[in-house]
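Have a look at the structure below before the remarks.
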Amino acid sequence: MNLPNPQTATRLRRQLLKWYGKNARVLPWRAPPGVRREIDPYRVWLSEIMLQQTTVATVGPYFEKFLAKWPDVKALARADRDDVMTAWAGLGYYTRARNLRKCAGMVAGELGGTFPNTAEALIKLPGIGPYTAAAIAAIAFGRSACVVDGNVDRVMVRLFALQKPIREIKSQIYNLAEALTPKTRAGDYAQGVMDLGATVCTPKNPKCNICPWADDCAAFAKGIAADLPVKPKKKAKPTRRGTAFWITRGDGAVLLRRRADKGLLGGMLEVPSSEWVVATTGIADKTSVNGSVLKQAPVAAKFKPAPGLVTHTFTHFHLELEVFTARVDGSTKGVGDNSHQWTHPDDLAEVGLPTVMMKVVQLVLGAE
Ligand code: SF4
């Protein structure tokens, strides 16, 4: 694949920036096109971390909540770890929340409260990979950095009619995107391509009739825009199974546990559960629950199965959780360690349980 010649690249940039000037999405973390003085690197960084793996619509309220609680990087660096995890609950990919606080600590401490202004320096901070570093450098500091997210991937694949799955041609896509990245207004350009992908060159039914790049678009010329990108062959996701233990005490409080920092849902509160093991049979069956699973409960008690099953899909596997309930009366001695806490059911929505655990809550409380 040849890179676009300089005249074509210049024309594409001009057309895109003109289109962005009129059609930019209004988003809470953005300054209007062409207005650089209002851009706060803290807002750009916060939004970009939240937007990793998460849609714009989902991120909006979380961004506003974080900004209201912690208006600048120093405030976030001082925040209590559990408060940050609680505020993040429901956004998923919780490593991001832990890195967010670590990164805020480094910027507020070692860097004196100022974000670095180049992609090379930004990428050294916790939670900032090549995409995020380029996005912050371009959007917050106007650096000529090549920003390639999922939207940009799709637009490049179509603009140049690349007929292979994206993951097989990542470097080719990057080289093409880089050849189009301007020296000036790189932030507006980056946001423009992302907006074009989100609103015009959409995954389904691209709106080529209103696209500023239609005249140069190879996929449009060939009539194959909607067929691209070529889909990779999907690997089947395994199913894992586990048992959640819904333990209440006399005053109705429920036992929760904070997960270890490392790994899936690291640092988040949960309804205690057994190990999640790969399923070997087709259907979950509560009658198969035996003493060895109950031994993993944080307290010995008379457990009984709750009707129904919690299902949730993570990036790499499906999860099926059956729920066993028990009441422990009187003394709660012997229940877990300091990673456990008792929480009244009225407060469960506020403590920051991840989505899968909110499903457990709904299953139990919905059945009562
Ligand atoms: Fe995408 Fe169509 Fe525009 Fe090509 S012409 S970039 S396929 S919207």
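The values are calculated or read from the model by the stated rules, or taken from the named source; none is laboratory data. Remember, predicted model here, so these are calculated numbers, not experimental data. Cβ placement follows ideal geometry from the backbone for every residue including glycine, while neighbour counts extend to all protein chains displayed. Only protein heavy atoms, including side chains, enter the accessible area calculation; ligands, DNA and RNA are left aside. Shrake-Rupley method; radii C 1.70, N 1.55, O 1.52, S 1.80 Å.
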Distance (nanometres) between label positions extended 7 Å along Cα→Cβ at K69 and F314: 2.3 nm
Within the chain: Cβ-based charge dipole about Cα centre, in debye rounded to nearest 20 (Lys, Arg +1; Asp, Glu -1): 960 debye
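Distances longer than 19 Å among the Cα atoms of the stretch 111-222: what percent of all pairs is that? Display every interim value, and only then the final one.
On the way: 2937 of 6216 pairs.
For the stretch 111-222, the fraction of Cα-Cα distances above 19 Å is 47 percent.
What is the sum of charges around R98, taking Lys and Arg as +1, Asp and Glu as -1, for the other residues whose C-beta is under 15 Å from the C-beta of R98? Could you put the intermediate results ahead of the total?
Details: positive: R81, R96, R101, K102, R258, R259, K262; negative: D80, D82, D83, D261.
Taking every other residue near R98 into account, the sum is +3.
Ignoring any ligand, DNA or RNA, what whole percent of the accessible area of the chain comes from carbon and sulfur when the probe is 1.4 angstrom?
Numbers: 9670 of 18510 Å².
Carbon plus sulfur share of accessible area: 52 percent.
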Eligible lysines near K183 by straight Cα distance, threshold 25 Å, same-chain separation 8 or greater: K18, K22, K124, K170
Fluctuation leader among P272, P182, P232 - the chain, Gaussian network, Cα springs under 10 angstrom: P232
Per-residue HN-Hα couplings for the stretch 105-112 [Karplus 6.51, -1.76, 1.60; θ = phi - 60°; Hz; x = Gly/Pro]: x, 5, 5, 5, x, 4, 9, x
Proximal aspartates and glutamates relative to K233, as straight alpha-carbon distance under 17 Å, when same-chain residues fewer than 8 apart are discounted: E168
Average accessible area per residue (Å²) across the chain - probe 1.4 Å, nucleic acids and ligands excluded: 50 Å²
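Just need the relative contact order of the chain here, percent rounded to a whole number, with Cα pairs under 8 Å and 6+ apart. Please report the intermediate quantities before stating the final value.
Values: 573 pairs, mean separation 59.7, N = 368.
Answer for the chain is 16 percent.
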Listed residues R259, R185, R167, most fluctuating in the chain (Gaussian network, C-alpha, under 10 Å): R167
Amide H within-cut-off set for V254, under 5 Å, with H built and near neighbours excluded: T343, H344
Degrees separating the helix 170-180 axis from the principal Cα axis of the chain, which is the longest one: 40 degrees
Between helix 6-23 and the chain: long-axis angle, C-alpha atoms, 0 to 90°, nearest 10: 60 degrees
Vicinal HN-Hα couplings computed from phi for the stretch 352-357 (Karplus, 6.51 cos²θ - 1.76 cosθ + 1.60; Hz; Gly/Pro x): x, 6, x, 3, 4, 6
Angle in degrees between helix 56-69 and the longest Cα principal axis of the chain, rounded to the nearest 10: 70 degrees
Dipole-positive endmost among T8, P33, P203 within the chain (Cβ charges, Cα centre): T8
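How big is the Cα convex hull of the stretch 6-227 in projection, averaged over all directions, in nm²? Show your work: numbers first, answer last.
Details: hull surface 48.0 nm².
Taking a quarter of the hull surface, the average projection is 12.0 nm².
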Amide N proximity, the stretch 211-249 versus K204 label position 7 Å along Cα-to-Cβ, cut-off under 19 Å: 224-232, 234
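Which links in K235/K359; K235/K262; K102/K262 stretch past 18 Å when you go from one Cα to the other?
Pairs exceeding the cut-off: K235/K359; K235/K262.
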Within straight-line cross-link reach of K295, aspartates and glutamates at Cα separation under 20 Å, skipping those fewer than 8 residues along the same chain: E270, E275, D285, E320, E322, D329, D337
In Hz, Karplus ³J(HN,Hα) per residue of the stretch 253-265 (6.51, -1.76, 1.60; θ = phi - 60°; x = Gly, Pro): 5, 10, 7, 10, 9, 8, 6, 4, 4, 7, x, 4, 6
Set of the stretch 28-59 residues, backbone N closer than 11 Å to the point 7 Å along the Cα-Cβ line of R81: none
